[in-house]
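Worksheet for the structure shown next.
The values are calculated or read from the model by the stated rules, or taken from the named source; none is laboratory data. Quick caveat: nothing in here was measured; it's all calculated off a predicted structure. FYI the Cβ positions are ideal-geometry reconstructions off the backbone, even for glycines, and counts take in every protein chain you see. Heads up: the accessible areas ignore ligands, DNA and RNA and are worked out on the full protein's heavy atoms, side chains in. Shrake-Rupley method; radii C 1.70, N 1.55, O 1.52, S 1.80 Å.
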Amino acid sequence: MESPVRSFSPVLVFLLLFFVGAFVCTRLLNSTFPWETNGTSQLYPQQTHVLPKTPAKRLEIPLNCTEYHLTRTCSSNYPTTSSPDQDPDRPSPPTCPEYFRWIHEDLRPWAHRGITRDTLQEANRTADFKLVIVNGKAYVERYSKAFQSRDTFTLWGILQLLRRYPGKVPDLELMFDCVDWPVIPSKNFSEPNSTAPPPLFRYCGDNSTLDIVFPDWSFWGWPETNIAPWENLLKQLEEGNKRSRWVDRQPYAYWKGNPEVAETRQDLLKCNVSEEQDWHARVYAQNWTREEKEGFKKSDLASQCIHRYKNPTIHSGVHLLCSTHEVTVCYGNTNCRYKIYIEGSAWSVSDKYILACDSVTLIVKPRYYDFFTRGLMPVHHYWPIKDDDKCRSIKYAVDWGNSHKQKAQAIGKAASNLIQEDLKMDYVYDYMFHLLSEYAKLLQFKPTIPQEAIELCSEAMACQAQGLEKQFMMESMVKCSAITSPCTMPPPYDPQSLFSVLRRQSNIIKRVETLEKSYWKNQNKQ
């Protein structure tokens with residue numbers, strides 16, 4: 001009789017070894033990945049195991065200055081594609097903030113007729129440059145040099161958008177004007193038989209113009225005033241808020257800036273404290289020439305929330321409670337509870353820096369808006385100030401806040417939360433992406449590269465830059481493609497919902513003015 005072992009066929013031997021090996025491997029897996037059995041009895045293991053998703057792959061995009069210095073041309077291998085949206089490991093994109101809905105409103109003048117090449121060319125009368133994007137690459141045709149480095153850092157920001165979303169920004173041509181004030185009057189295109197308005201991009205707009213609003217250059221840095229890129233600065237401002245409680249700050253409103261650019265700012269200077277009257281405002285003119293010579297030591301924007309001076313100076317027998325930049329740094333042991341935003345010749349980049357601190361922002365009735373401020377709600381994000389009676393309006397706002405400390409703190413906190421959460425660079429890039437994508441859909445012609453245009457890439461700009469310009473470019477450079485798709489666009493406003501938002505804003509402001517009028521009526525009786 002043969003032994004039992006000899007009676008096993010090769011197939012049976014293989015199966016026996018397979019089951020033994022499977023048992024051993026299972027035991028090893030359980031000991032190597034204990035999180036798969038945490039909270040579950042070994043006798044009653046989970047029926048299925050959910051393995052962690054593989055992290056989404058990021059496309060690294062280095063800056064190759066060595067190759068650029070040799071060729072003086074942008075690399076032909078520059079990335080113009082990214083990982084597909086169908087990647088199952090790609091995180092789901094969030095919904096865009098509410099202010100993204102204004103993209104549809106800004107582009108509404110061309111929604112039905114589109115944009116022809118002739119219509120586009122009409123916008124070059126005041127444009128500083130034409131931007132062309134074809135096959136994921138950027139080209140620029142310059143018409144004039146913008147003030148300081150506005151055009152440089154605007155183009156730099158667009159290049160970083162292409163690095164963040166390689167191959168996703170559609171082909172397009174657009175005209176960009178870097179001057180502050182909008183120039184396309186809506187009244188010239190309001191008649192039924194009017195031609196389409198020329199599409200012109202810029203940093204701000206108002207209710208009487210049709211300019212297309214785009215994020216301003218300072219998000220990537222403003223070297224002439226030593227303002228660092230927004231992403232790192234925003235983190236510093238958040239840290240600064242934690243170091244100074246609102247109730248410990250000085251109970252005054254503060255502003256310092258250049259009053260020469262607008263009459264409304266010169267009028268604001270009348271609200272400063274004097275021996276005869278204290279409007280609870282501390283308002284000062286900024287000497288930018290001196291600041292530049294001294295290296296901007298007293299105008300650091302991040303300092304508005306975190307910096308403290310030990311020795312207040314004296315002016316006309318009064319302690320200078322607050323000083324430095326247009327957006328506030330306070331002397332003494334604490335910052336100011338209230339900070340004033342007032343426009344200059346048009347909108348001012350200072351709005352986001354003021355709103356980022358927990359102090360209550362007092363906004364003097366503005367004429368202009370930038371891409372995100374239309375999402376602000378009065379008394380929730382800021383306190384409205386009358387432009388034709390500034391001093392009394394400021395004093396009422398400060399007295400109200402000091403008498404309603406919890407409500408005032410909530411206003412300051414709501415504004416800083418909005419800036420920290422809805423104005424982080426992720427959303428700035430997504431706003432740019434959606435605006436350009438929706439704009440490209442309106443073009444009635446195929447974008448082409450002009451003969452006079454030059455190709456732009458990060459190497460062409462950063463490798464030749466010097467000083468703060470180079471430093472800020474390196475700090476704000478996008479090094480990898482995004483791991484998520486752009487945020488999901490909210491739908492456009494229907495007429496009723498848009499009217500409801502505008503009416504609510506108007507009614508709140510009227511209510512504040514009514515309370516202010518009653519306040520001063522009672523003060524006069526006393």
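Taking a Cβ cut-off of under 12 Å around residue 211, the surrounding Lys, Arg, Asp and Glu residues balance to a net charge of -4, with basic ones at +1 and acidic ones at -1. Element breakdown for the stretch 74-207 at a 1.4 angstrom probe: carbon and sulfur atoms account for 49% of the accessible area.
Between amide H atoms placed 1.01 Å from N, distances below 5 Å from residue 361 occur with 339, 383, all of them 5 or more places distant or on a separate chain. Rounded to the nearest 20, the Cβ-based charge dipole of the stretch 440-526 about its Cα centre (Lys and Arg +1, Asp and Glu -1) stands at 880 debye. The spacing between the stretch 156-175 and the stretch 352-409, judged by their C-alpha centroids, is 35 Å. Its residue count N fixes a reference of 2.2 N^0.38 Å for the stretch 135-276, and the Cα radius of gyration divided by that reference is 1.41.
Output the pairs from 386/424; 235/390; 352/413; 256/395 with a Cα-Cα distance over 21 Å in this structure; if there are none, say none. Listed pairs above 21 Å: 386/424; 235/390. If Lys and Arg each add +1 and Asp and Glu each add -1, what is the summed charge of the other residues whose beta carbon sits under 13 Å from the beta carbon of residue 377? Charge balance in the 13 Å sphere: +2. Considering only protein heavy atoms and a probe of 1.4 Å, how much of the accessible area of the stretch 464-526 is carbon and sulfur, as a whole percent? Here carbon and sulfur together make up 55 percent of the probe-accessible area. In terms of accessible area, using a 1.4 Å probe and ignoring ligands and nucleic acids, 113, 163 rank largest first as 113, 163. The order of 494, 118 by accessible area, most exposed first and with a 1.4 Å probe, is 118, 494.
Any idea which of 501, 519, 487 is furthest toward the positive side of the dipole for the stretch 475-526, if Lys and Arg beta-carbons carry +1 and Asp and Glu beta-carbons -1? Farthest along the dipole direction, towards plus: 519. Scanning residues 5 or more positions from residue 171 or on other chains, those with amide H under 5 Å from its amide H are 135, with H placed 1.01 Å from N in the peptide plane. Heavy atoms of the protein chains alone define the surface here; on that basis the stretch 130-261 has 35 Å² accessible area per residue at 1.4 Å probe size.
Residues whose amide H lies under 5 Å from that of residue 443, counting only those 5 or more places away or on a different chain, are 115; hydrogens are built 1.01 Å from N in the peptide plane.
The solvent-accessible area of residue 474, taken with every protein chain present and a 1.4 Å probe, is close to 70 Å².
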